[in-house]
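These notes concern the structure reproduced below.
The values are calculated or read from the model by the stated rules, or taken from the named source; none is laboratory data. As the structure is a prediction and not an experimental result, all values here were calculated from the model. Glycine gets a Cβ as well: all are built from the backbone with ideal geometry, and neighbour counts include every protein chain shown.
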Amino acid sequence: MRIKKGFELREVCGEHIIVAYGRENIDFNKVISLNESATYLWKNIVDKDFDAETMASLLQQEYEVDAETAKRDAQALLDEWTKVGLTE
């Protein structure tokens, strides 16, 4: 899985948000706000192949979190990103 082309992370007024650009995303009308851990994951997977296990591993490297919680949180985030059209 990858982040679709045409999305980038920006910081606006201290908040991290995902913005869409390009013709392929012209109908994307959502504002995606990321918390600290989601921002960390985005920065470490953008332009790379990844899955929920990759994301869970990154969470465990950065935060004091057990494997089960990391996997559950990574899968939930990935499901949300897929639902709103950020992944392919």
| query | List pairs: first in the range 1-13 and of a type outside the set (A, V, I, L, M, F, W, C), second surrounded by 13 or more Cβ atoms within 10 Å (Cβ to Cβ) and assigned to a strand (DSSP E or B), Cβ under 7 Å, 6+ apart or cross-chain? | reply | 2/87; 4/87; 6/20; 8/19; 10/17; 10/19
| remark: Taking the range 60-88 and keeping only residues that are of a type outside the set (S, T, N, Q), farther than 22 Å from residue 8 by Cβ and under 12 Å from the mean Cα position of the chain (by Cα), one is left with 73, 76
| said: Every residue in the range 16-34 that is loosely packed, with under 15 Cβ neighbours inside 10 Å and either part of a loop (DSSP other than H, G, I, E, B) or modelled with pLDDT of 95 or more (or both), please. | reply: 21, 22, 26, 27, 29, 30, 31
| said: Which count do you get for residues in the range 68-84 that are surrounded by 12 or more Cβ atoms within 10 Å (Cβ to Cβ), without any contact (Cβ under 8 Å) to a residue 40 or more places away in the chain and of a type in the set (A, V, I, L, M)? | reply: 3
| query | Any chance the range 35-48 includes a residue that's surrounded by 16 or more Cβ atoms within 10 Å (Cβ to Cβ), in a helix (DSSP H, G or I), of a type in the set (Val, Ile, Thr) and within 12 Å of the chain's Cα centre (by Cα)? | reply | yes
| Based on what the data block shows, is residue 52 of a type in the set (A, V, I, L, M), surrounded by fewer than 17 Cβ atoms within 10 Å (Cβ to Cβ) and out of contact with any strand residue (DSSP E or B) (no Cβ under 7 Å at 6 or more places or on another chain)? | no
